[in-house]
Amino acid sequence: MTQTFDIVIVGAGIVGASLACLIAQSKGAQQDNAQSLRIALIEAGGDAQHFEGEQFDPRVVALTQASQNLLAKIGVWNEIVLARACAYRDMHVWDGEGTADIHFNCAEVRENHLGHIVENSVIVTALRKKIAEHAQITVIQPAKIVNLIRTTRLQIETVQIETVQTEKVQIELDNGQLLTTELLMAADGAQSKVRELAAFETREWDYGHKAIITTVQTELSHQATAWQRFMRKGPLAFLPLSSINQKHFCSIVWSAETELADELMQLNDAEFCARLGLAFEHKLGKVIHAAERFAIPLRQRHAKTYIQPNIVLVGDAAHNIHPLAGQGVNLGLLDVRVLAQEIERALDRKIPLNDFSILRRYQRQRLAGNLMMMSAMEAFKRLFGSESLMLTLLRNSGMRQLNSLTELKKIIVKAAMGLN
């Protein structure tokens, strides 16, 4: 038995779930019950894991103001804040190989905060609850996509050039289900199965780094500040989490060359906390405790195109960048905003969802911006990873000058918050 949907979204993480909600709540998707848009959301895993008390999800995101606004539009932001979110007002970045630093404060741009650090599971849980309120969304989980079959027809263009246009995509799942759709959206992450089955070409390379992530308890308060130290072997970030029972917690992301990362993962907890405190220059006093550590190999990956007839890549399925600025999920949510707008535009104008112009408009708006961010992250990584003494001196001089240029800092802060 084959089920037919107008849209199938693969991946129900932050990006995929947000996309499903935003499309479902658009005016064009909410006609009468007989004509409402039918959306399938396929998720390989189960429900989001629940963390409470002094236990935190090791995966966190630094949400920008733009991402917060999108989640508020979906109607889940208040629930996320009530569950657990930590606003940060300051950002302190310094060069571990020199003496220069940069300090950003929300007051410089007349905002209450620069962003929020939120656990992945908190966001996904809120989005899943919202999905349950939309009758037109069918969640299929746990299920993995195993095959794609495209039905095509021959189309004669006005210039008499023959082109093949896909009419439908048939999706085969590992549970035996068959789904047919006009539009398949891949939000299934960096190892996207849809991207693989549809043979999207990518540019990619290994960074030679692994990101160690965990939650730590520190002696001193994080001061509502996101801290980052750049070192030659990779950056180290301490991201503020909610204090509980007068105990102070941070989520850390330590991106280190593979050899160093493997060495750090072999240390016992006490040894790791000591090495971590030393690398962080004890900015928050002693690192008292570290939860279970995870090491994730880092790889730069970007699809050469985000679109094929009837198929579109979103979020990490389209672009995967170094976590040193924490922009991965924020870029994905910018993709979501634009793609949902294009779908709503098509519904309003009665344009078929498999009209390729819809996908071209989405790609045109997102491809250049994502490439620019990826290039900037690569430049930062190489700049701070250099062992050149001259480059280190120039880098420190530049950081000092930037820290003194108030108006330029305002522009950078607003860009980082997604406000321009």
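Brief remarks on what is shown
- Among the protein heavy atoms, those of Asp47 account for about 130 Å² of accessible surface (1.4 Å probe, every chain in place).
- Close amide H pairs (under 5 Å, H built 1.01 Å from N) link Lys144 with Asp174, Asn175, residues at least 5 positions away or on another chain.
- Applying both filters, DSSP loop and at most 13 other Cβ atoms within 10 Å, to the GluC sites (Glu not before Pro) of the stretch 248-324 gives Glu281, Glu292.
- Spin-label pair Ile149-Lys304: with each label point 7 Å from Cα along the Cα-Cβ axis, the two points sit 2.9 nm from one another.
- Stretchable slack from Glu172 to Ile244, in nm (0.36 nm times residue separation minus alpha-carbon distance): 21.3 nm
- When peptides 65-77, 182-194, 298-310 are ranked by their average number of other Cβ atoms within 10 Å per residue, the highest-first order is 182-194, 65-77, 298-310.
- Near Gly285: Cβ cut-off under 15 Å, other residues only, Lys/Arg at +1 and Asp/Glu at -1. The net charge is +1.
- Close amide H partners of Ile9, meaning residues 5 or more places away or on another chain with modelled amide H under 5 Å apart, are Ala40, Leu41, Ile42, Met185.
- DSSP bridge analysis restricted to the stretch 1-129 gives an antiparallel fraction near 75%, rounded to the nearest 5.
- Put a plus charge on the Cβ of each Lys and Arg, a minus charge on the Cβ of each Asp and Glu, and nothing anywhere else: the dipole of the stretch 185-289 about its Cα centre is then about 400 debye.
- Amide H to amide H distances under 5 Å link Ile288 with Gln217, Thr218, Glu219, where only residues 5 or more positions off or on other chains count and H is placed in the peptide plane.
- Counting only protein heavy atoms and using a 1.4 Å probe, the accessible area of Leu371 comes to about 70 Å².
The values are calculated or read from the model by the stated rules, or taken from the named source; none is laboratory data. Note that the structure is predicted; figures quoted are calculated from it, not measured. Methodologically, a virtual Cβ is constructed for each residue, glycine included, from the backbone with ideal geometry; neighbour enumeration extends over all protein chains shown. The area values use the complete protein model at the heavy-atom level, side chains included, leaving out ligands, DNA and RNA. Shrake-Rupley method; radii C 1.70, N 1.55, O 1.52, S 1.80 Å.
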